[in-house]
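The next block holds one structure in the form of structure tokens; read it before the comments.
The values are calculated or read from the model by the stated rules, or taken from the named source; none is laboratory data. Keep in mind it's a predicted model, so treat the numbers as computed, not measured. As a convention, Cβ positions derive from the backbone with ideal geometry for all residues, glycine included, and neighbour counts pool all protein chains shown. These accessible areas exclude ligands, DNA and RNA; they are computed on the full protein's heavy atoms, side chains included. Shrake-Rupley method; radii C 1.70, N 1.55, O 1.52, S 1.80 Å.
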Amino acid sequence: MDIILNQYYLQIVIFVLVNAILGVSIYMTLSTGQLSLGNAGFMSIGAYTCAILTVKAGFPVYLAVPIGGAAASFISLIIGYPALRLTGIYLAIATLGFGEVVRVIILNLKITNGALGISGIPTLGTKISKMLSSFGLSRFGGLTAQQTSNLLVLVVLIFILAFLVFFCTRLNRSRVGRAFASIKADESAAEAMGINTTYYKLLAFALGAFIAGMAGGLSAHLTFFIGPKDFAYHRTVEILSFAVLGGSDLIIGPIVGALLLTMLPELLRSASEYRLMIYGALMVIMMAFRPQGLISEETVRFWKRKLGRRIKQ
Amino acid sequence: MTLVLDQVSKSFGGLAALSDVSFKVNDGEIIGIIGPNGAGKTTLFNLITGIFPPTEGKISYHGKNLLGLRPYKVTALGLARTFQNIRLFGHMSPLDNVMVGAHCRTKAGVWRGLWRTPAQRKEEKSTRERAQALLQLVGIENDTDSPAGSLPYGQQRRLEIARALATEPELILLDEPAAGMNESETEDLRLLIKKIQMMGKTVVLIEHDMNLVMNVCDRLVVINFGQKIAEGTPAEIQKNPLVIEAYLGREEA
Ligand SMILES: Nc1ncnc2c1ncn2[C@@H]1O[C@H](COP(=O)(O)OP(=O)(O)OP(=O)(O)O)[C@@H](O)[C@H]1O
Ligand SMILES: [Mg+2]
């Protein structure tokens, strides 16, 4: 029991979950075929908004996190309207630039505490344990208070991720999801078929920003400290690589990508000198041999057929 | 008068793709637009559907000015089109392709889609049923497993027509629907176009297959080098010396 609930393992699983949520955010914008690299920027807007609200204004976390998401989403609408006229690599560059602008602004604002960042953020774990002890429940069975609260954080994150997956699957099989898919397939044909492509591109962009902002808010309350460096350009690349590795056709793709890429550095700890090299090589191999990522629609079709046949036999 | 083009010109850089083209399309007729390759026929469709604006001239539909409207708004007004170079949503199923067409006549947004409200489910059901009926109309089996892009060529052309019909147009613009079809497929297509007319819709047809054009169209507009050189019934056009010259001239070259 103690091995499973080891503090270190729990921490990794929590990072996996936050990264998976970020994976969903990039999946969302990619579902209209827009390559946006602004997710780290939106994440930082969410993280800072949320941290400032809880630390300085005493907001409860469960309110601050969605407000952080809404703030990121609001900014995304403002920059999205002009930016989404750009396509492909131009949009990627513009949104990457946006991320840097956000970072520099945060570095220079007073309320964000500049380069020092914000510390002393109440962690989700302590919040939850406090709430529990106020109900008179400080521990379950043989678990320590620390383990209990970590476990509960895990449950909360799993619940959020599960809801996002539910949201995306429902959306995909609806009128809005079909509009997204048609824009991804052929934007001007979609427009000619009566779809307001600007509106739907903006919608996907804003939903992606909302999710990234929420992930930012959550991560701020997991690490107790946030600084501008946490959301620099390397973060964007990391988020993008979830989609590159896992694939972005299906929502499971970037989630699996996030899982693998968060676990990998931990598994490679013994070969830590070569960690970054292996990581980089993996990306190059993916681009060269499987640009659609590990999981594509084809993959699913293939396995369905295969399993279907086995059942019939 | 349904669709009116008044002295429409379009140039791309220095190239005049269309100059001073005027014609009218009446309710319920099938009008053919013919002319040699590069005459400017597709450009005409692109102007009508708002893909790009004309350099000069006016285009109106039921008295409403179409200029400056984005393509999706033109579609919402009741004009739908197909593309000469097939532009289906290749990896989506044929049924989904047609259901996308119904987008502008349906309402459910994110919220209703997420919670599958009764109104959303009802709308979704009727959209699906209508899409299935349209697939049947154009003669495509609803085999949902294979993506639209993997259908045989002739079926892809007909799927484009079904998708356009799903937008519930009053007027449908078909850009070379018979291209790449064999004789029997073209005959099916002729019947389909007639059926579409019988459904009370107006058809504008760009086509190189003269047999089809002469058989199905009520009236023809002939374009050569961006200019309208003739207009009239198929019988009149066949006798028109300018038209004969335009086509024979092309063959000599
Ligand atoms: N977007 C564009 N940009 C630049 N030139 C264009 C564009 N669209 C069409 N043209 C040019 O305009 C002229 C007319 O083209 P258009 O496609 O309308 O001809 P068409 O009558 O449809 O020919 P076809 O029978 O081969 O389809 C051609 O010279 C073409 O190269
Ligand atoms: Mg053409």
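I'd like to know if segment B:127-140 contains one or more residues that are without any contact (Cβ under 8 Å) to a residue 12 or more places away in the chain and either farther than 27 Å from B:T186 by Cβ or within 12 Å of another protein chain (Cβ to nearest Cβ) (or both). Scanning segment B:127-140 turns up at least one residue that is without any contact (Cβ under 8 Å) to a residue 12 or more places away in the chain and either farther than 27 Å from B:T186 by Cβ or within 12 Å of another protein chain (Cβ to nearest Cβ) (or both).
Scanning segment B:201-212 for residues that are at pLDDT 95 or above and either under 17 Å from B:D27 (Cβ atoms) or in a helix (DSSP H, G or I) (or both) yields B:K201, B:T202, B:V203, B:V204, B:L205, B:L212.
Only residues that are assigned to a loop (DSSP other than H, G, I, E, B), surrounded by fewer than 18 Cβ atoms within 10 Å (Cβ to Cβ) and facing chain A (nearest Cβ under 9 Å) were counted across segment B:107-119, and they come to 3.
The one condition from (1) in a helix (DSSP H, G or I); (2) open to solvent by less than 50 Å² (accessible area, probe 1.4 Å); (3) not aromatic (F, W, Y) that B:K122 does not meet is (2). Being more than 7 Å from every other protein chain (Cβ to nearest Cβ) and not in a loop (DSSP other than H, G, I, E, B) is a description that applies to A:L152. Right, A:E266: open to solvent by 70 Å² or more (accessible area, probe 1.4 Å) and at pLDDT below 85 or not? Answer is no for this residue.
From the list B:I237, B:I196, B:I223, B:I244, the one residue that fits, being in contact with a Lys or Arg (Cβ under 7 Å, 6 or more places away or on another chain) and either open to solvent by less than 10 Å² (accessible area, probe 1.4 Å) or farther than 21 Å from B:K24 by Cβ (or both), is B:I223. The residue that is modelled with the lowest pLDDT, counting only those in segment B:7-35 that are open to solvent by 10 Å² or more (accessible area, probe 1.4 Å) and in a loop (DSSP other than H, G, I, E, B), is B:G14. A search for C-beta distances below 9 Å between a residue of segment B:30-47 that is more than 14 Å from every other protein chain (Cβ to nearest Cβ) and any residue that is of a type in the set (K, R) and near ligand 2 (Cβ under 8 Å from one of its atoms), counting only pairs 6+ apart in sequence or on different chains, returns B:I33/B:K41; B:I34/B:K41; B:G35/B:K41. Of A:T236, A:T223, A:T198, all but one fail to be open to solvent by 40 Å² or more (accessible area, probe 1.4 Å) and away from chain B (no Cβ under 12 Å); the exception is A:T223. The set of residues in segment B:20-35 being away from ligand 1 (no atom under 12 Å from the Cβ) and under 13 Å from the mean Cα position of the chain (by Cα) consists of B:I30, B:I31, B:G32.
Counting only helices (runs of 4 or more DSSP H) wholly contained in segment A:1-113, the ones carrying 3 or more residues that are within 19 Å of A:T123 (Cβ to Cβ) occupy A:7-30, A:39-57, A:61-83.
Suppose the filter is small (G, A, S), outside any helix (DSSP H, G or I), in the same structural domain as B:Y247 (by TED's automatic domain parsing) and away from ligand 1 (no atom under 13 Å from the Cβ); does B:G38 pass it? Considered against the rule, which asks whether it is small (G, A, S), outside any helix (DSSP H, G or I), in the same structural domain as B:Y247 (by TED's automatic domain parsing) and away from ligand 1 (no atom under 13 Å from the Cβ), B:G38 comes out as no. The single condition among (1) more than 17 Å from the chain's Cα centre (by Cα); (2) open to solvent by less than 10 Å² (accessible area, probe 1.4 Å); (3) of a type in the set (G, A, S); (4) away from ligand 2 (no atom under 16 Å from the Cβ) that B:G101 does not meet is (1). When segment B:74-89 is filtered for residues that are β-branched (V, I, T) and at the interface with chain A (Cβ under 9 Å from one of its Cβ atoms), the ones remaining, listed by number, are B:V74, B:T75.
Only one entry of B:I48, B:I86 meets the criterion of being within 16 Å of ligand 2 (Cβ to nearest atom) and either among the basic types (K, R) or closer than 20 Å to B:Q227 by Cα (or both), and that entry is B:I48. Give just the number: which of (1) buried (at least 22 other Cβ atoms within 10 Å of the Cβ); (2) more than 16 Å from ligand 1 (Cβ to nearest atom); (3) not charged (D, E, K, R) does B:L174 not satisfy? Result: B:L174 fails condition (2) only. When the test is whether a residue is open to solvent by 10 Å² or more (accessible area, probe 1.4 Å), of a type outside the set (K, R) and under 26 Å from A:A243 (Cα atoms), A:I21 does not pass it. Among the criteria (1) surrounded by 14 or more Cβ atoms within 10 Å (Cβ to Cβ); (2) under 25 Å from A:Q7 (Cα atoms), the one A:A243 does not fulfil is (2). Scanning segment B:79-98 for residues that are surrounded by 19 or more Cβ atoms within 10 Å (Cβ to Cβ), away from ligand 1 (no atom under 16 Å from the Cβ) and assigned to a loop (DSSP other than H, G, I, E, B) gives B:L88, B:F89, B:M92. Using the structure shown, decide if B:K194 is over 15 Å from B:L88 (Cα atoms), touching a strand residue (DSSP E or B) at 6+ places or on another chain (Cβ under 9 Å), in a helix (DSSP H, G or I) and at pLDDT 95 or above. Yes. Of note, B:R163 does not satisfy the criterion of being closer than 29 Å to A:E297 by Cβ, open to solvent by 10 Å² or more (accessible area, probe 1.4 Å) and within 14 Å of another protein chain (Cβ to nearest Cβ).
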